[in-house]
Every structure is written in structure tokens, then in C-alpha cells.
Amino acid sequence: MREIWVHADPWDKDLVTTALESGADAVIVPPDRVESVRELGRIDTVSENGDIQWDRDVSFMKIRSAEDEERVVRESRERRVILQTDDWKIIPLENLVSRIDNLMIEVEGPEQAETASGILEKGVGGLILRERHPDLLGDLIGRLRAPEKTLDLVPFRIQEIVPLGMGDRVCVDTCTLMGTGEGALVGNGSSGLFLMHAENLENPYIAPRPFRVNAGAVHAYILGEEGRTRYLSELGSGDSLWGVDARGGVRPLVVGRVKIERRPLLLVRAQCPTGVVSTICQNAETIRMVRALDHSPVSVIALEPGDEVQGLSEPGGRHFGRKIEETIQER
């Protein structure tokens, strides 16, 4: 997710409040207003004496032509670079984006923000929003924070469901309420991740917990921020993961708490485009996946061979959670 900074210099308390409430990452403020920001809430300040400081952490660079490109690249090796120009469209942005990950661009409104976000289908590393109207600023940040990515989920055809012994399973409690069809992608291997449904349905056994995904055994992968897999056992408060709905829509979720408890386990094995994949989850009626046909939740204990559930199938393997092109077998 790209960084979003709000330019609040000259000082404007309403702009800073909007930045805080809308989920911006930082605000640019005058040096004498750093403490004023801290009185409003916790957000990084960018200033001579802020959390992020000029020259030490970030540089403004005026650019007028393509000849300035190498100078920008050199500067980016030391700190983040904010580009300034009288007409930012003349900047060789495609070249810079392909070479620099910490490049930030000042934008005046939605059109410029959308263009800068889509360069080379990658976008710049961050946006500096110069919108001065709080309502318009809030709308713009909301649009930029909206889900940008979808995943191509495919049917996993169930082959077998096998009760196992006891083991440690992980409940991931997020800071977001999830809806029907929404959950997280979990699996024994990175080539096949099952959509595990949130505990948001009424049942006679336990009250709904719409913020929770009873994900699986401690060793399993879960799809995290930026499409990187994490082990369930290593998640903790403040981490990020991807919430995914039945159609593949993605939104970032913050982990509030992780509960690891000893429970009876169940092996679910299925066929998908990359081969045979599996996951291990708790053996309980309240643990659900998502049917491929109508996207309805289905309890894992109700699954039968031949049923199809939603999942993510990817070739290749992972190294420290990141996709790599390498011959790896996961069984």
C-alpha cells in the first residue's frame, strides 16, 4: 500500500484532523505545530523537527526536465524523494518509477492522484495531497484507500476430509468486522490457499465473532499484506493481512489479537489447477469455507468429496513469504 501524506503547511487544524480520521500516514506541518498535531492524535509529522525530518529522511527536489532524472535516482539511494515541478506531467515518471521505490509525488486532486497511482501498473511510492478542503481531502483519501486489488479465486474440488489428532490452531482476531463470504486465505502450501470464512454467522454453539477467522494450524500459511505469506504462528497484534471476499476482492486488515489453543484438527485435501493442495483446520461445525458455486459459507464437517470451495491457486514457491520462480514441492 502506497504512503499518503497530507500537506498542512500553512497550518490547518481541520486538514490534520481529516488526515487522522481518514487514515493518512503522515502530515507535513510547520515546525511550531508538531506538538499541536500530537495533541490531536498519533500520526507521523513531517517537519524540521518532526518524526520524519527534511534532509535527514526526505528531500524535496525541483525537477524541470528529463536531464534531472539521474540526480533524483542518486538522491533516492539516501532518503525518500518528493518531486516538485511546475508541470509534473513533464517528469519522466515511467523511468523513475521503474528505478525508484521511495519516490513521492505532490498531487492537486483526484485526476493527478489516479494517474500517479497507475504508472507502470505499479504507481509511485507515495502521494503528497495538497487538497485544502477537508471534505474533499477525506473523499480523496477514502478513494485512494479503497481496495485496489482483486485475486483470481478458483474452485478447489474436495478429495478427502480426514480427522486428525489434537494440535495447536490459530484464531486471528482482526480490527475489522467482516461480512458474509469474507475471510482469509490459508493453506498448508503456498500453491493452494483455501478461503476460510469469518466467524460471523449465527449458530447454536457460539456467538458470532465477525472480526475473527478461525484460520488453521500453527504451521499454515496465511496471505498477508502485499501478497506475502506469513506463518499463522508468527502473527501478532499490529500485523497486517489480506481480507478476501468470495469474488476475490481484497482489503487490508489489522490484526488485533491472535489466539492459539489446542483443539482437534481436520485435514482437508483438494484438487486445484496447480495440483493437490491441503489445509489443516479445527474440527468443528463453526469452521467454514466458501462454496465455489454460490459463494455461500459451508461448514468443514459438512464437506464431501466432489464439493467445490473457493481458493487461490498459484504456481511456484515462496522464500520468506515472497513469490519466487523456483522448483519447490510442498506436500
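Of all residues in region 39-58, those satisfying the criterion of being surrounded by 13 or more Cβ atoms within 10 Å (Cβ to Cβ) and within 17 Å of A8 (Cα to Cα) are L40, I43, D44, T45, V46, S47, G50, D51, I52, Q53, W54, V58. Residues of region 206-220 that are closer than 20 Å to P163 by Cα and not aliphatic (A, V, I, L, M): N214, G216, H219. Restricting attention to region 1-47 and to residues that are touching a residue at least 60 places away in the same chain (Cβ under 8 Å) and of a type in the set (V, I, T), the residue that is farthest from A116 (Cα to Cα) turns out to be T17. Among the candidates L140, L136, L144, the residue that is over 20 Å from A292 (Cβ atoms), under 26 Å from the mean Cα position of the chain (by Cα) and either surrounded by fewer than 18 Cβ atoms within 10 Å (Cβ to Cβ) or among the β-branched types (V, I, T) (or both) is uniquely L136. What strands (runs of 3 or more DSSP E) lie completely within region 240-321 and have 2 or more residues being in contact (Cβ under 8 Å) with a residue 12 or more places away in the chain and among the hydrophobic types (A, V, I, L, M, F, W, C)? Fully inside region 240-321 and qualifying: 240-244, 250-272, 275-282, 288-290, 308-313.
Screening region 216-238 for residues that are part of a helix (DSSP H, G or I) and not charged (D, E, K, R) and picking the one that is nearest to I287 (Cα to Cα) gives L232.
Residue check: V213 meets all listed conditions (1) part of a strand (DSSP E or B); (2) farther than 16 Å from A270 by Cβ; (3) in contact with a Pro (Cβ under 8 Å, 6 or more places away or on another chain) but one, namely (3). Of the residues making up region 250-282, just one is surrounded by fewer than 16 Cβ atoms within 10 Å (Cβ to Cβ), touching a Leu at 6+ places or on another chain (Cβ under 9 Å) and either closer than 17 Å to L185 by Cβ or at pLDDT below 95 (or both), namely V254.
The values are calculated or read from the model by the stated rules, or taken from the named source; none is laboratory data. Nothing here was measured: the structure is a model prediction, and the numbers come from that model. Heads up, the Cβs are rebuilt from the backbone with ideal geometry, glycines too, and the neighbour counts pull from every protein chain shown.
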